[in-house]
Amino acid sequence: MRKFFVVINVICLSLGVKAQDPHFSQFFASPLTLNPALTGKFDGTFRAAGNYRNQWPAFNNVYTTSTLSVDFSILNRIIPENDTWGVGVIALTDKAGGGVLTNNYIGISTAYHKALNEDGFSQIGIGFQAMYGQKRLDNSKLYYEDMLTPFGFTGVTQEVYNSGDLNVNYFDVNAGLIYTVSTTDKNNFYFGASMYHINRPKESFKGGNWNIAARTTISAGGYFPVSDILTLHTSGIYQTQGKATEATFGGAISSSLNNDENNPTNVYGGLWMRVNDAIIPYLGLEFAGMRIGATYDINISGLKAGSQSRGGMEISLIYIKKPVDGKNVPCPKF
């Protein structure tokens, strides 16, 4: 079957082959897409996180990705004092080629974190995630070879599809592990591993036989004070999916503006790097239990001429509700 997309759609789909899953430069601010074991892993009773990414803006919104998640702890009076059982929900939408290809996901997560010592400063957690996915191709935004005339794509295509040919629905399973450790109540370090698409669901149009490749991610990081008002936060990931790999690492310094440990006001500044792809400056502000982060990818790959070195803008927001008299167990922030 002959298909001809305009240049932007060719770029969109060719990039999709290399890196199938949506991804965030601020991976540390999207916990439930990084590792299901991060469900419930925060110092508070309730967490809401949202992310928005516009990738390759020079190519007219090739990729726009948004996600929203909410997670919280349950059965706190039943399980051991320093253990945590977290439950969460997540929704994600990813649009490619200005809406030619749309992916929607909704799912639930749960994770149990077991304290390995009396004060809970060392913990290991395991998490699972069940997702429902939908992929849709908008035929009204496609251009075919038989539509090409001397005046452009003004003809009428003979290609005919029914709605079932252009919509795919599937069930997906993800899982992860995480280990966290603190030496005082002012630092925390973590190491985690996760796998998405464990069941390799079928995802293809027109009766094809193509399955999503499993995505494996290794992540690590931590934070620790470097002075009375400054704290260093570091994080990195390495992930692989099919023949595609990605390595991102970096860090940020936070400066306290009020020296209030229970209700801190901090400003953040830092830099991450996605190897052989982009430099990612980061600015953040934390106040009243909320942290807002902004990054802008500066493309350094072989596509920088076409992208005009513009890799993508991203905004994140995390809100954590603090208990009146919480456990105050250090948890990963990045």
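Figures for the structure shown
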| item | result |
| --- | --- |
| Counted residues, the range 48-85 - those being within 20 Å of Tyr179 (Cα to Cα), assigned to a strand (DSSP E or B) and of a type in the set (D, E, K, R) | 1 |
| Only listed residue being small (Gly, Ala, Ser), surrounded by 17 or more Cβ atoms within 10 Å (Cβ to Cβ) and out of contact with any helix residue (DSSP H, G or I) (no Cβ under 9 Å at 6 or more places or on another chain), chosen from Ala115, Ala111, Ala96, Ala91 | Ala115 |
| Some residue of the range 320-332 being at pLDDT 90 or above, within 19 Å of Tyr223 (Cα to Cα) and surrounded by fewer than 21 Cβ atoms within 10 Å (Cβ to Cβ) | yes |
| Test: residue in the range 238-250 that is of a type in the set (Asp, Glu) and within 25 Å of the chain's Cα centre (by Cα) | yes |
| Among residues of the range 252-276, those that are part of a strand (DSSP E or B) and touching a residue at least 40 places away in the same chain (Cβ under 8 Å), counted | 3 |
| Residue list for the range 215-244, filter: over 18 Å from Arg200 (Cα atoms) and of a type in the set (S, T, N, Q) | Ser219, Ser227, Thr231, Thr234, Ser235 |
| Scope the range 181-236; condition within 16 Å of Ala247 (Cα to Cα) and among the polar types (S, T, N, Q); matching residues | Ser194, Thr216, Thr217, Ser219, Thr234, Ser235 |
| Filter result for Phe224 (touching a residue at least 24 places away in the same chain (Cβ under 8 Å), aromatic (Phe, Trp, Tyr), surrounded by 17 or more Cβ atoms within 10 Å (Cβ to Cβ) and within 18 Å of Asp43 (Cα to Cα)) | no |
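Listed here are the residues, each with its yes/no results for (1) aromatic (Phe, Trp, Tyr); (2) out of contact with any Ser or Thr (no Cβ under 6 Å at 6 or more places or on another chain); (3) at pLDDT 50 or above.
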residue	(1), (2), (3)
Met1	no, yes, no
Phe4	yes, yes, no
Ser14	no, yes, no
Pro22	no, no, yes
Pro31	no, yes, yes
Thr39	no, no, yes
Phe42	yes, yes, yes
Thr65	no, yes, yes
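The values are calculated or read from the model by the stated rules, or taken from the named source; none is laboratory data. Values in this document were obtained by computation on a predicted structure and should not be read as measured data. Every residue, glycine as well, gets a Cβ built from its backbone with ideal geometry; the counts of neighbours run over all protein chains shown.
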